[in-house]
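One structure is given below, encoded as structure tokens.
The values are calculated or read from the model by the stated rules, or taken from the named source; none is laboratory data. Small disclaimer: the values here were computed from a predicted structure and weren't measured. Cβ atoms come from the backbone with ideal geometry, glycine included; neighbour counts cover every protein chain shown. Accessible surface areas use protein heavy atoms only, side chains included; no ligands, DNA or RNA. Shrake-Rupley method; radii C 1.70, N 1.55, O 1.52, S 1.80 Å.
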Amino acid sequence: MKIGIFDSGIGGLSVLHQAMKELPGEQFIYYADEEHVPYGEKPRAEIEVFVAEIIGFLLAQDVKAIVIACNTATSVATKEFRGRFPVPIVGMEPAVKKALDLYGGSGGRVLAAATKITVTGGKMRHLLECVDKQHLTDLIALPGLVRFAENGDFGSEAVEKYLRAELAKFDLSLYSSFVLGCTHFNFFKEILRKLLPAEVRLVDGNEGTINQLRRRLNCGLGSQGVSREPEYYFSGRKVADGAQLERIRACLQQLEKVFVIE
Ligand code: DGL
């Protein structure tokens, strides 16, 4: 049985990319809601409807687990997923805890970047109340990066100009880590590495999400072999068009290129 992974768009490919490395033998279905991306600037109620539809679609494909490879979609999900569905559903939240555990020790601050919906949501407030008692985290919404990523632009002058202007609002010497709290932001590790001081580590939530998937599936994981080419769907339609498959391949190539950057 397959594992379903979905996002509003191409961002969740970063989770798929890492999952294929870490869970060899598993087969994947990747669903991008290309008709409705970006989620980060839409009303919460609208996103909830999209998420319910996608979960229904993936369940109909007989998946054994679903990964919501989208911090924004996870942040609007009002009810807990545990127990409501016949298969495990694993969500994603900005990896602030990981950043604090790894790099917060000396009082270094965390700059957590996400979409507007994620940074202003109750789930983020709750997360910070639980893991950041010393109030070391600052939040930044970077909706522009979602649009650049969807256009396949991972590092042009326009991207650099946008990021320079946004990062200039913070005293970067205070930070020890930068959290990639939106899966679309993983494509920009190279340019972020260039613009952030060397001491600021990049932290994403992909590893934690895959570990959580592993735990939830327990012994239901395929043990060996190589993953076949995943099946791709754009808003419910199977991707069969050469240009679209090429676009996905280019994204996976970029993710491979930046994979080790932190
Ligand atoms: N990739 C998504 C996330 O992790 C959201 C991007 C968007 O659709 O705004 O939050």
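Here residue 221 fulfils each of the conditions (1) touching an Asp or Glu at 6+ places or on another chain (Cβ under 8 Å); (2) surrounded by 18 or more Cβ atoms within 10 Å (Cβ to Cβ); (3) aliphatic (A, V, I, L, M); (4) at pLDDT below 95 apart from (2).
If we scan the stretch 178-187, do we find a residue that is within 21 Å of the chain's Cα centre (by Cα) and open to solvent by 80 Å² or more (accessible area, probe 1.4 Å)? Before the answer, list the steps.
The initial filter retains those residues of the stretch 178-187 that are within 21 Å of the chain's Cα centre (by Cα), namely 178-187.
Right, trim to open to solvent by 80 Å² or more (accessible area, probe 1.4 Å) and you get none.
No, that holds for no residue.
Within the stretch 106-121, residues that are closer than 11 Å to residue 139 by Cβ and not assigned by TED's automatic domain parsing to the domain that holds residue 44 have Cβ atoms under 6 Å from residues that are among the polar types (S, T, N, Q) and away from the ligand (no atom under 16 Å from the Cβ) in these pairs: 110/137; 110/177; 112/137, counting only partners at least 6 apart in sequence or on another chain. Does any residue of the stretch 41-49 turn out to be closer than 29 Å to residue 258 by Cα, surrounded by 23 or more Cβ atoms within 10 Å (Cβ to Cβ) and touching a residue at least 12 places away in the same chain (Cβ under 8 Å)? No, there is no match, as no residue in the stretch 41-49 is closer than 29 Å to residue 258 by Cα, surrounded by 23 or more Cβ atoms within 10 Å (Cβ to Cβ) and touching a residue at least 12 places away in the same chain (Cβ under 8 Å).
Among residues of the stretch 134-145 being open to solvent by less than 10 Å² (accessible area, probe 1.4 Å) and either basic (Lys, Arg) or within 15 Å of the chain's Cα centre (by Cα) (or both), the one that is farthest from residue 34 (Cα to Cα) is 142.
In the stretch 146-164, which residues are without any contact (Cβ under 8 Å) to a residue 60 or more places away in the chain and either within 19 Å of residue 40 (Cα to Cα) or open to solvent by less than 30 Å² (accessible area, probe 1.4 Å) (or both)? Steps first, please.
Filtering the stretch 146-164 for residues without any contact (Cβ under 8 Å) to a residue 60 or more places away in the chain gives 148, 151, 153, 155-164.
Answer for the stretch 146-164, where residues must be without any contact (Cβ under 8 Å) to a residue 60 or more places away in the chain and either within 19 Å of residue 40 (Cα to Cα) or open to solvent by less than 30 Å² (accessible area, probe 1.4 Å) (or both): 148, 151, 153, 159, 162, 163.
Of all positions in the stretch 165-176, none carries a residue that is among the acidic types (Asp, Glu), over 15 Å from the mean Cα position of the chain (by Cα), open to solvent by 20 Å² or more (accessible area, probe 1.4 Å) and under 27 Å from residue 249 (Cβ atoms).
Restricting to the stretch 29-40, name every residue that is open to solvent by less than 60 Å² (accessible area, probe 1.4 Å) and out of contact with any Lys or Arg (no Cβ under 6 Å at 6 or more places or on another chain). First the steps, then the outcome.
Just the residues of the stretch 29-40 that are open to solvent by less than 60 Å² (accessible area, probe 1.4 Å), to begin with: 29-34, 36-40.
Of everything in the stretch 29-40, those that are open to solvent by less than 60 Å² (accessible area, probe 1.4 Å) and out of contact with any Lys or Arg (no Cβ under 6 Å at 6 or more places or on another chain) turn out to be 30, 31, 32, 33, 34, 36, 37, 38, 39.
Would you call residue 18 under 19 Å from residue 239 (Cβ atoms), modelled with pLDDT of 95 or more, open to solvent by 10 Å² or more (accessible area, probe 1.4 Å) and among the polar types (S, T, N, Q)? Spell out the reasoning first.
Values: under 19 Å from residue 239 (Cβ atoms): no; modelled with pLDDT of 95 or more: yes; open to solvent by 10 Å² or more (accessible area, probe 1.4 Å): yes; among the polar types (S, T, N, Q): yes.
Spelling it out, it is not the case that residue 18 is under 19 Å from residue 239 (Cβ atoms), modelled with pLDDT of 95 or more, open to solvent by 10 Å² or more (accessible area, probe 1.4 Å) and among the polar types (S, T, N, Q).
The helices (runs of 4 or more DSSP H) found wholly in the stretch 1-114 and carrying at least 3 residues that are within 15 Å of the ligand (Cβ to nearest atom) occupy 13-22, 44-60, 71-76. Considering the stretch 115-164 alone, what residues qualify as being assigned to a helix (DSSP H, G or I), within 12 Å of the ligand (Cβ to nearest atom) and of a type outside the set (Val, Ile, Thr)? Within the stretch 115-164, 116, 123, 124, 143, 144, 145, 147, 148, 149, 150 meet the criteria.
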